[in-house]
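K.L.:
Pasting a structure below so you can have a look.
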Amino acid sequence: MLRGRAVTLRPVTDADVPALSAIRAAPEVRRWWRGGDDLAASVRADLADDALTVYAVEHDGRLVGAIQWYAETDPDYRHASLDVFLDPAVRGSGLGGDAIRTLVRHLVDEYGHHRFTIDPAAANTAAIRAYAKVGFRPVGIMRRYERGADGRWHDALLMDLLAEDLSG
Ligand SMILES: CC(C)(COP(=O)(O)OP(=O)(O)OC[C@H]1O[C@@H](n2cnc3c(N)ncnc32)[C@H](O)[C@@H]1OP(=O)(O)O)[C@@H](O)C(=O)NCCC(=O)NCCS
């Protein structure tokens with residue numbers, strides 16, 4: 001259990017699958033976080049992925065989203081990659097930043113990670129601003145990085161954060 005200012009991160013369980021699938025189904029989330037037609041299967045696949053650690057994000061005792069990370073295992077390129085989504089009902093109230101800071105602090109303190117990456121769609125300006133507020137900096141555009149619902153390839157922005165850059 002990791003405690004932030006207003007969020008708590010706890011290990012996700014199978015019982016969270018319906019609620020997380022419902023959040024992922026919201027158009028504001030689905031636009032940026034795809035997963036095929038069966039979102040419950042997509043959430044379950046993330047839970048079953050040994051390389052991935054998924055936390056449920058809770059606020060006021062309620063499940064409001066998830067945050068996950070995986071590590072680059074080559075010791076010479078060691079870093080952790082993050083991803084997060086929140087219920088649109090709580091967007092823009094600082095919970096995303098709170099969840100990221102809380103997880104990053106944990107990964108620095110418990111795992112000794114020194115560098116973090118995140119790769120929002122280049123058009124996802126809200127996420128890019130939220131990540132910049134935490135201390136992430138743009139590295140560069142990854143061209144035609146991910147396929148969108150329209151079947152086309154879209155650019156993403158690679159951002160990175162060093163442990164000492166963490167703000168707030
Ligand atoms: C991206 C996300 C996790 C950010 O979490 P959040 O709690 O909404 O963000 P925060 O409130 O911590 O972020 C603060 C900053 O983000 C920006 N921001 C947040 N929501 C915004 C919105 N709807 N429109 C524009 N900017 C927004 C603002 O700059 C804000 O700072 P300000 O309030 O001082 O202006 C969340 O919005 C989300 O789940 N989005 C949908 C899924 C998604 O895009 N996931 C990321 C995939 S990489």
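The values are calculated or read from the model by the stated rules, or taken from the named source; none is laboratory data. These numbers come from a predicted model, not from an experiment. Glycine gets a Cβ as well: all are built from the backbone with ideal geometry, and neighbour counts include every protein chain shown. Heavy atoms of the whole protein, side chains included, go into the accessibility calculation; ligands, DNA and RNA do not. Shrake-Rupley method; radii C 1.70, N 1.55, O 1.52, S 1.80 Å.
K.L.:
Would you pick out the residues in segment 18-45 that are among the acidic types (Asp, Glu) and within 12 Å of the ligand (Cβ to nearest atom)?
P.N.:
Once the filter is applied, which keeps residues that are among the acidic types (Asp, Glu) and within 12 Å of the ligand (Cβ to nearest atom), segment 18-45 yields only Glu28.
K.L.:
Testing Thr73 on (1) more than 15 Å from the ligand (Cβ to nearest atom); (2) open to solvent by less than 40 Å² (accessible area, probe 1.4 Å); (3) polar (S, T, N, Q), one condition comes back false. Which one is that?
P.N.:
(2)
K.L.:
Pull out all pairs, ordered by first then second residue, where Cβ-Cβ is under 7 Å, the residues are six or more apart or on different chains, the first lies in segment 23-46 and is over 15 Å from Ala89 (Cβ atoms) and open to solvent by 60 Å² or more (accessible area, probe 1.4 Å), and the second is part of a loop (DSSP other than H, G, I, E, B) and not aromatic (Phe, Trp, Tyr).
P.N.:
Pairs found: Trp32/Asn124; Arg34/Ala149.
K.L.:
With the requirement that a residue be within 10 Å of the ligand (Cβ to nearest atom) and open to solvent by less than 50 Å² (accessible area, probe 1.4 Å), what does segment 107-125 give you?
P.N.:
Across segment 107-125, the qualifying residues are Ile118, Asp119, Pro120, Ala121, Asn124.
K.L.:
Going by what's in this entry, would Gly65 be described as among the small types (Gly, Ala, Ser), on the phi > 0 side of the Ramachandran plot and touching a residue at least 12 places away in the same chain (Cβ under 8 Å)?
P.N.:
Answer is yes for this residue.
K.L.:
Identify the residue in segment 78-105 that is farther than 15 Å from Val134 by Cα and more than 13 Å from the ligand (Cβ to nearest atom) and, among all such residues, is least open to solvent (accessible area, probe 1.4 Å).
P.N.:
Ala80
K.L.:
A further question follows. Confirm whether Val57 is within 15 Å of the ligand (Cβ to nearest atom), out of contact with any His (no Cβ under 8 Å at 6 or more places or on another chain) and either assigned to a helix (DSSP H, G or I) or of a type in the set (S, T, N, Q) (or both).
P.N.:
Considered against the rule, which asks whether it is within 15 Å of the ligand (Cβ to nearest atom), out of contact with any His (no Cβ under 8 Å at 6 or more places or on another chain) and either assigned to a helix (DSSP H, G or I) or of a type in the set (S, T, N, Q) (or both), Val57 comes out as no.
K.L.:
Step by step: first the residues of segment 47-64, then only those that are out of contact with any Pro (no Cβ under 8 Å at 6 or more places or on another chain) and closer than 16 Å to Arg3 by Cβ, then the one that is surrounded by the most Cβ atoms within 10 Å (Cβ to Cβ). Which residue is that?
P.N.:
Within segment 47-64, the match that is surrounded by the most Cβ atoms within 10 Å (Cβ to Cβ) is Val57.
K.L.:
Consider segment 127-137. How many of its residues are over 23 Å from Thr73 (Cα atoms) and open to solvent by 50 Å² or more (accessible area, probe 1.4 Å)?
P.N.:
Residues meeting the conditions: 3.
K.L.:
Something else now. Restricting attention to segment 72-101, report how many residues are touching a Lys or Arg at 6+ places or on another chain (Cβ under 7 Å) and within 17 Å of Leu2 (Cβ to Cβ).
P.N.:
Residues that pass the stated criteria total 2.
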